[in-house]
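Asker: Encoded as structure tokens, here's the structure I'll be asking about.
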Amino acid sequence: MNKKLVSAVLCGTMILGSVSPVFAGTADGMKIALVAKSAGNAFFEIAADAFEETVTAEGGTVEKVYPEAATADAQIKALDNLISQDFDAICISANDVNALQAKLEEAMDEGIKVSCFDSAPNKDSRQVFVNQAGTVAVGQALMDAVLDIAGGEGQWAILSATSQAANQNAWIDAMKKIMEEDEKYSKLELVEVAYGDDEPQKSTDQTAALLEKYPDLKVICAPTTVGIAAAAKYLQDNESACKLTGLGLPSEMIEYTGADDAHSCPYFYLWDMVGLGNLSAYSTIALISGDITGALDETFTAGDMGEYTITEADDGGTEIVLGLPLQFNSDNIEEMAKLY
Amino acid sequence: MAGKSGRSINNVPEAPIKKMILSWEGILVVLFVLVNIFCAVFSEFYNLKSLLRQMPIYLAEVFLMLPMAYILVLGEIDISVGSIVCLSATMSCIVCNTGAPFIVVVLTGLVVGTLCGLVNGFILTRFEELPPMIVTLATQIIFRGIAEIVLGSGGSISATNTDGFRLLGGKVGSVPYILFLVVILSVVFAVVLGKSTFGRRVYAIGTNRLTAYYSGIHVQKIRLIIYTVMGTMAGLCSLFLVSTSYGANTTTGNGFEMDAIAMAVFGGISSTGGKGNLAGGIISAFIIVCLRVGLGQKNVHAQVILLILGVLLIAAVALPNIIGQIKRVVKK
């Protein structure tokens, strides 16, 4: 009897669920192309799936397009294909900052709206960029984590990717600036910025070198997923007193995350990829429907995510900032590791 | 495949029309028509206008296919051309950003390409026993390496003054300039290979290098010229490539050498040397371009398109063999 009732209720909700979007869609009939950097990036897929879910729920359709290689040339070919079709908008994660400008301008000339997320092309190539987390917000979160884990004072070091990586350097510069400007960080001493080149072995070697050079090192901050995973393993295997934080993937960090001495990383950060996909979808829909044009200070409602304002990006263009990075700790890591 | 390239020893002449249809080029023309019909039915966006709009980036690779055909006819291979494209593109962007007139930018691209080709040719003719595959593999790494050092690791450069490149990427009506240039150069390369003494000598070297040498052909001189021209054409390709992206990066031209080789081999030019002609290569280039545009417009996965091209390529290489075997069985 009970089972019958449950199934009846379920059937009812399913019917309602399949009917209601027809009435409620803000994206009715919209065709959006989502261009990835390349095929086979699980991290990107989380955002892409969220993007598709949101647009579909609003009554639109999404075509996910994967270029044949992770190059700007391949994305140009993909864009060529899309411009020939009848899409309302293209949302892209760019493989190169400047190389896509000619094609994206062509798309905009054809009346196709251009938004981007994850990785932005230059300001002339887009109408709006959905930024996972502002540079300063990431720097602030990491700085506070270092301060907290170090217990307010002591030596710390940064383990970065390559010395030329634009995003890495932006975060490191932001951290240095925050550290200089606020008195509460004055007892922290940044001893070195090491570069592991995003290779596991080199990152491990750099971690070992840091510990040898600075025996009193309290915290290593690795704002790179490869670096943090390598350092976490090394520190934990060697039962080092030095602790770790930074930006990492929950699935790679699950073994090393915990507040006790047995784990090397108390907590770390990363953006909310599901949220990024959802917000990108709402922003793109708003562009198509004309609610926003991508100009500074415009506001729009991103479904149940609330109100967002378009702000100025570091490159002089405009962006919509998703918010603060997500903290991963022993409470939520198991849940999150299933996602990414 | 008797009758191909007119070099058969068969002394009973076939009827010209039958010969034309049965030749590989004839089959390719039929295939070209079929591919276009298929694409037009498959994609509602496939028409002359969209084809012309999407063509330029693929046509740049045809510049590489033309001299590559010569190299394949020689029985050799050059896998460094993608890297030459990268280096020429990088250098011409750098020169462009110094504010130099556009003609200097164009010359830079061509000269850098030519020099790279000359390096290949010089090594290969100076040490003639070295296998071209290995030498050009090495220069592939070297040329891209130089570009990467100039760009900084993972880096890219954009042309600050895009006027010249915009002009290069321009159109007459809806026909891009590059199409005219491709047609003109295709005719020139095809005539030189098919009708001139130089072309005859290339076939002679590809068929038997030693015999050619003892017949008084300057084998090394011809090889040097061909590899150098290959470089120049890579430079030309890079200029048109920059005109689609107004910049260069470390992945520019990645894999172009294989696309060029695929176009040529699909066109019936044997990689073992001495066989095939450019008409086949040019038709097959356009088949590949049309197929990629048509499938791409329906958002068929890029990887699936590559897979289809791969299957076609194997079929193209295997077909002459299969036909030969069937003929033998029938004769028995």
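What follows is calculated from the coordinates using simple rules that are stated; it is not laboratory data. No experiment lies behind these values; they were computed from the predicted model shown. Glycine also receives a Cβ, built like all others from the backbone with ideal geometry; neighbour counts cover every protein chain displayed.
Asker: Of A:Ser251, A:Ser84, A:Ser203, which is the most mobile in a GNM of chain A whose springs link Cα atoms less than 10 angstrom apart?
Answerer: Residue with maximal mean-square fluctuation among A:Ser251, A:Ser84, A:Ser203: A:Ser84.
Asker: While we're on this one: Which whole number gives the average count of other chain Cβ atoms within 10 Å of the Cβ atoms across peptide A:63-76?
Answerer: The shielding value for this peptide is 5.
Asker: Another question, if that's okay. Taking only the Cα atoms of region B:53-315, how large is their convex hull per residue, in Å³?
Answerer: 126
Asker: Here is a further query. Let me confirm the definition first: pairs of Lys residues in chain B, 8 or more apart or on different chains, C-alpha distance under 24 Å. How many are there?
Answerer: 23
Asker: Give me a single rounded figure for B:291-300: the average over its residues of other chain Cβ atoms within 10 Å of their Cβ.
Answerer: 4
Asker: Among A:Asp88, A:Asp118, A:Asp109, whose mean-square fluctuation peaks in a Gaussian network model of chain A (Cα, cutoff 10 Å)?
Answerer: Largest GNM mean-square fluctuation: A:Asp109.
Asker: If you count, for every residue in B:50-58, the Cβ atoms of partner chains within 10 Å of its Cβ, what is the mean?
Answerer: Partner-chain Cβ atoms within 10 Å, mean over residues of B:50-58: 3.
Asker: If packing is taken as the average count of other Cβ atoms within 10 Å, what order do B:321-331, B:302-312, B:61-71 fall into, highest mean first?
Answerer: So the order, starting with the most tightly packed, is B:61-71, B:302-312, B:321-331.
Asker: Here's a follow-up. Using DSSP H assignments, which helices in chain B have an axial alpha-carbon span of 30 Å or above and a mean Kyte-Doolittle hydropathy of 0.5 or higher?
Answerer: Flagged H segments are B:102-126, B:219-245, B:302-331.
Asker: Among the aspartates and glutamates, select those whose C-alpha is under 15 Å from the C-alpha of A:Lys123, and discard any that sit fewer than 8 residues away in the same chain.
Answerer: List returned: A:Asp96, A:Glu105, A:Glu106, A:Glu312, A:Asp314, A:Asp315, A:Glu319.
Asker: Figure the gain on full extension for A:Asp304 and A:Leu190 (residue separation times 0.36 nm, minus the Cα-Cα span) and round it to one decimal in nm.
Answerer: Net length gain for the segment: 36.9 nm.
Asker: Take chain B, connect every pair of alpha-carbon atoms lying under 10 Å apart with a spring to form a Gaussian network, then pick out the residue of B:Val289, B:Val106, B:Val317 with the largest mean-square fluctuation.
Answerer: Answer for the Gaussian network model of chain B: B:Val317.
Asker: Related question: Quick check: pseudo-label points 7 Å beyond the Cα along Cα→Cβ at B:Lys327 and A:Ala262, how many nm apart are they?
Answerer: 7.6
Asker: Listing B:Val112, A:Val321 from the residue with the fewest other Cβ atoms within 10 Å to the one with the most, what is the order?
Answerer: By the 10 Å Cβ count, ascending, the order reads A:Val321, B:Val112.
Asker: Between A:Glu334 and A:Asp237, what's the calculated FRET efficiency when r is the beta-carbon distance and R0 is 22 Å? Round to 0.05.
Answerer: 0.55
Asker: Given Cβ point charges of +1 (Lys, Arg) and -1 (Asp, Glu) and nothing else, what value in debye, to the nearest 20, does the dipole of chain B about its Cα centre take?
Answerer: Dipole size: approximately 1120 debye.
Asker: Let me check I've understood the local charge: for B:Thr125, count other residues with C-beta under 9 angstrom from its C-beta, Lys and Arg +1, Asp and Glu -1. What total comes out?
Answerer: +2
Asker: Could you tell me the extents of region A:97-146's C-alpha atoms along the three principal axes, largest first, rounded to whole Å?
Answerer: For region A:97-146, the Cα extents along the three principal axes come out at 48, 18, 12 Å.
Asker: As a footprinting exposure proxy, order B:Ile222, B:Ile288 by other Cβ within 10 Å, with the fewest listed first.
Answerer: With the sparsest Cβ surroundings first, the list reads B:Ile222, B:Ile288.
Asker: Report the residues of region A:64-81 in range of a label on B:Leu307: point 7 Å along Cα→C-beta, backbone N strictly under 19 Å from it.
Answerer: Within reach of a label on B:Leu307, which here means backbone N under 19 Å from a point 7 Å along Cα→Cβ, region A:64-81 contributes A:64-70.
Asker: Counting each DSSP H run of 4 or more residues in the protein assembly as shown as -39500 (n - 2.57), what helix-only mean residue ellipticity at 222 nm follows after dividing by all residues, to the nearest 500 deg cm²/dmol?
Answerer: -19000 deg cm²/dmol
Asker: For chain A, what does the relative contact order come out to in percent, with C-alpha contacts under 8 Å and a separation of six or more?
Answerer: 17
Asker: Suppose each label sits 7 Å from its Cα in the direction of the beta carbon; what would the B:Thr197-B:Val30 distance come out to in nanometres?
Answerer: 4.0
Asker: State, as an integer percentage, the relative contact order of region A:135-270 based on alpha-carbon contacts under 8 Å between residues 6 or more apart.
Answerer: 25
Asker: Still on this structure, I have one more. Taking only pairs that are 8 or more places apart or on different chains, how many Lys pairs in region A:135-270 have Cα atoms under 22 angstrom apart?
Answerer: Qualifying lysine pairs in region A:135-270: 21.
Asker: Here's a follow-up. So how long is each side of region A:135-270 along the principal axes, counting just the alpha-carbon atoms, biggest first, in Å?
Answerer: Taking max minus min along each principal axis of the Cα atoms, region A:135-270 gives 36, 30, 28 Å.
Asker: Assuming R0 = 60 Å, can you tell me the calculated FRET efficiency for the pair A:Asp28 and B:Leu210, based on Cβ-Cβ distance, to the nearest 0.05?
Answerer: About 0.25, to the nearest 0.05.
Asker: Using amide H atoms built in the peptide plane, which far-off residues or other-chain residues are under 5 Å from B:Gly155 H to H?
Answerer: Amide H neighbours of B:Gly155: B:Thr250.
Asker: Taking the Kirkwood radius as the inverse of the mean 1/r across Cα pairs, report the Rg/Rh of region B:121-176.
Answerer: Across region B:121-176, the Cα-based Rg/Rh ratio is 1.23.
Asker: Could you sort B:255-262, A:97-104 so that the peptide with the highest average Cβ count within 10 Å comes first and the rest follow in order?
Answerer: Ranking the peptides B:255-262, A:97-104 by packing returns A:97-104, B:255-262.
Asker: Normalise the Debye intensity by I(0) for region B:20-66, one equal point scatterer per Cα, no solvent, then take log10 at q = 0.30 Å⁻¹ and round to two decimals.
Answerer: Here the Debye-derived log intensity ratios amount to -0.97.
Asker: Quick one: A:Val146, B:Val119, B:Val104, fewest Cβ neighbours within 10 Å first, how do they rank?
Answerer: Listing A:Val146, B:Val119, B:Val104 from fewest to most nearby Cβ atoms yields B:Val104, B:Val119, A:Val146.
Asker: Another question, then. Taking the 0 to 90 degree range and rounding to the nearest ten, how far is the long axis of helix A:2-24 tilted relative to the main principal axis of chain A, both from C-alpha atoms?
Answerer: It works out to around 70 degrees.
Asker: Turning to a different aspect of this structure: With no solvent and one point per C-alpha, what does the Debye sum give as log10 I(q)/I(0) for the protein assembly as shown at q = 0.08, 0.09, 0.12 Å⁻¹?
Answerer: -0.73, -0.89, -1.26
Asker: Hey, another quick one. Could you list log10 I(q)/I(0) for region A:188-340 at q = 0.13, 0.19 Å⁻¹, which the Debye formula gives when each Cα is one point scatterer?
Answerer: Summing over Cα pairs of region A:188-340 leads to -0.70, -1.03.
Asker: Okay, moving on. What number does chain A give for Rg over Rh if you use C-alpha atoms and the Kirkwood radius?
Answerer: We get a ratio of 1.03 for chain A.
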